[in-house]
Amino acid sequence: MKNLLTDVVGVRVGHAHDEKLASGVTAIVFDEPAVAAIDVRGGGPGTREDALLDLANTVERVDAIALSGGSAFGLETGGGVQAWLAERGRGFRVREALIPIVPGAILFDLLNGGDKAWGRFPPYRDLGYAAAASAGTDFALGSVGAGLGATTANFKGGLGSASAVTSNGVKVAAIAAVNAVGSVTVGDGPWFWAAPFEVGSEFGGCGLPDTFTDDMLKMRIKGGPAASPRENTTIGLVVTDATLTKAQAKRLAMIGQTGFARAIYPVHAPTDGDVLFAAATCEKPIDPIVGLTELGMIAANVVARAIARGVYSATALPFSGALASWKDRFG
């Protein structure tokens with residue numbers, strides 16, 4: 001176990017980004033189509049192919065998931081991932097036609113100091129292709145891929161991942177690009193809200209403060225008091241090797257969103273996106289009630305850990321006035 005999304009066999013992750021742009025993308029590619037669903041809780045989401053994932057609709061499985069910076073411009077990322085898959089004969093067959101199925105979600109990183117004067121065409125389609133082409137079982141965390149330009153209310157955001165195994169040996173793992181309107185840490189200290197779920201010292205091992213003061217519980221949001229005026233959205237994916245139906249994957253995404261609430265304060269705000277995909281490679285059968293409940297419980301923990309690891313691993317952008325990283329303050 002690498003404590004990464006790719007601990008689930010058959011899942012690969014690739015990043016592509018532009019340092020000058022201060023934005024990037026992450027592609028999650030499945031070796032075989034995976035059952036998938038989506039849960040959206042924020043008031044300002046940006047998604048691609050989300051209607052396809054509705055339980056009433058026909059397509060059950062997807063070939064990849066695209067996570068991207070760039071706000072609505074970043075929705076083109078999925079087209080680049082789709083092009084890479086099409087070259088390899090991947091996709092949903094309609095007689096002689098093959099259509100790669102690539103849902104996606106975006107975060108807002110247009111005001112982080114990077115050069116967004118890209119001309120007539122934004123670069124996200126090409127970045128999506130490059131990310132898919134580079135996908136493998138090892139990948140970096142922090143200020144990379146879709147997390148390159150991410151921020152939170154008080155620290156640089158980033159891309160995180162984590163994994164775990166249920167009591168029956170079913171794997172579940174998450175990846176998150178953390179660009180939340182709120183804070184992932186308690187007050188101005190080093191403690192992560194997700195501390196109760198930390199494994200080892202994967203995000204610093206600081207635990208929680210002995211007591212919570214009124215100041216710690218004050219709202220810290222982008223554009224608000226004690227925060228920086230950036231924009232928002234946390235997007236991610238939880239993957240398991242359990243055998244799930246589309247409806248069960250939807251339930252997994254819903255329970256997994258609990259991890260957002262365990263790691264971000266406040267969460268699901270009017271200007272957050274808060275999109276979580278769930279996917280299943282369908283290798284191991286589980287009990288549809290008790291097994292799915294345990295899977296969701298652990299998925300929520302893993303999502304919280306991935307969010308904290310994204311901020312813990314991030315590095316500050318090299319621009320004047322850029323937000324400091326957690327490690328800039330606390331080492």
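Computed quantities for the displayed model
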| item | result |
| --- | --- |
| Options L4, L52; residue that is within 13 Å of the chain's Cα centre (by Cα) and of a type in the set (A, V, I, L, M) | L4 |
| Test set (1) more than 15 Å from A308 (Cα to Cα); (2) in a strand (DSSP E or B); (3) not hydroxyl-bearing (S, T, Y) - D272 fails condition number | (2) |
| The range 91-131, residues that are open to solvent by 60 Å² or more (accessible area, probe 1.4 Å), in contact with a Leu (Cβ under 9 Å, 6 or more places away or on another chain) and among the charged types (D, E, K, R) | D115 |
| Output for the range 233-285, where each listed residue is open to solvent by 40 Å² or more (accessible area, probe 1.4 Å), polar (S, T, N, Q) and within 30 Å of R220 (Cβ to Cβ) | T258, T271 |
| Residue check, T6 part of a helix (DSSP H, G or I), touching a strand residue (DSSP E or B) at 6+ places or on another chain (Cβ under 9 Å) and closer than 15 Å to L159 by Cα | yes |
| Qualifying residue in the range 105-125 (condition: among the β-branched types (V, I, T), out of contact with any helix residue (DSSP H, G or I) (no Cβ under 7 Å at 6 or more places or on another chain) and either touching a residue at least 40 places away in the same chain (Cβ under 8 Å) or closer than 22 Å to L75 by Cα (or both)) | no |
| Flag for L67 being open to solvent by 30 Å² or more (accessible area, probe 1.4 Å) and closer than 21 Å to T234 by Cα | no |
| Failed criterion for A164 (all others in (1) at pLDDT below 90; (2) within 30 Å of R12 (Cβ to Cβ); (3) open to solvent by 10 Å² or more (accessible area, probe 1.4 Å) hold) | (1) |
| Those residues of the range 197-206 which are touching a residue at least 40 places away in the same chain (Cβ under 8 Å) and either outside any loop (DSSP other than H, G, I, E, B) or not hydrophobic (A, V, I, L, M, F, W, C) (or both), in sequence order | F197, E198, E202, G204 |
| Options G80, G74: the member that is under 15 Å from Y129 (Cα atoms), touching an Asp or Glu at 6+ places or on another chain (Cβ under 7 Å), assigned to a helix (DSSP H, G or I) and among the small types (G, A, S) | G80 |
| F73 vs. criteria touching a helix residue (DSSP H, G or I) at 6+ places or on another chain (Cβ under 7 Å), open to solvent by 60 Å² or more (accessible area, probe 1.4 Å) and under 25 Å from F260 (Cα atoms) | yes |
| Residue in the range 37-47 that is farther than 28 Å from W118 by Cβ and open to solvent by 50 Å² or more (accessible area, probe 1.4 Å) present | yes |
| Every residue from the range 130-187 that is among the hydroxyl-bearing types (S, T, Y), in a loop (DSSP other than H, G, I, E, B) and more than 21 Å from A316 (Cβ to Cβ) | S134, T137, T166, S167 |
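Yes/no matrix, rows are residues, columns are (1) in a loop (DSSP other than H, G, I, E, B); (2) modelled with pLDDT under 95; (3) in contact with a Ser or Thr (Cβ under 9 Å, 6 or more places away or on another chain):
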{"residue": "A86", "(1), (2), (3)": "no, no, no"}
{"residue": "G89", "(1), (2), (3)": "yes, no, no"}
{"residue": "L98", "(1), (2), (3)": "no, no, no"}
{"residue": "I101", "(1), (2), (3)": "yes, no, no"}
{"residue": "A105", "(1), (2), (3)": "no, no, yes"}
{"residue": "N112", "(1), (2), (3)": "yes, yes, yes"}
{"residue": "A117", "(1), (2), (3)": "yes, no, no"}
{"residue": "P122", "(1), (2), (3)": "yes, no, no"}
{"residue": "D126", "(1), (2), (3)": "no, no, no"}
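Matching residues to (1) at pLDDT 95 or above; (2) more than 29 Å from V81 (Cα to Cα); (3) polar (S, T, N, Q):
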residue: G142; (1), (2), (3): yes, no, no
residue: A153; (1), (2), (3): no, yes, no
residue: G157; (1), (2), (3): yes, no, no
residue: G160; (1), (2), (3): yes, no, no
residue: F192; (1), (2), (3): yes, yes, no
residue: A227; (1), (2), (3): no, yes, no
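The values are calculated or read from the model by the stated rules, or taken from the named source; none is laboratory data. Small disclaimer: the values here were computed from a predicted structure and weren't measured. Every residue, glycine as well, gets a Cβ built from its backbone with ideal geometry; the counts of neighbours run over all protein chains shown. Heads up: the accessible areas ignore ligands, DNA and RNA and are worked out on the full protein's heavy atoms, side chains in. Shrake-Rupley method; radii C 1.70, N 1.55, O 1.52, S 1.80 Å.
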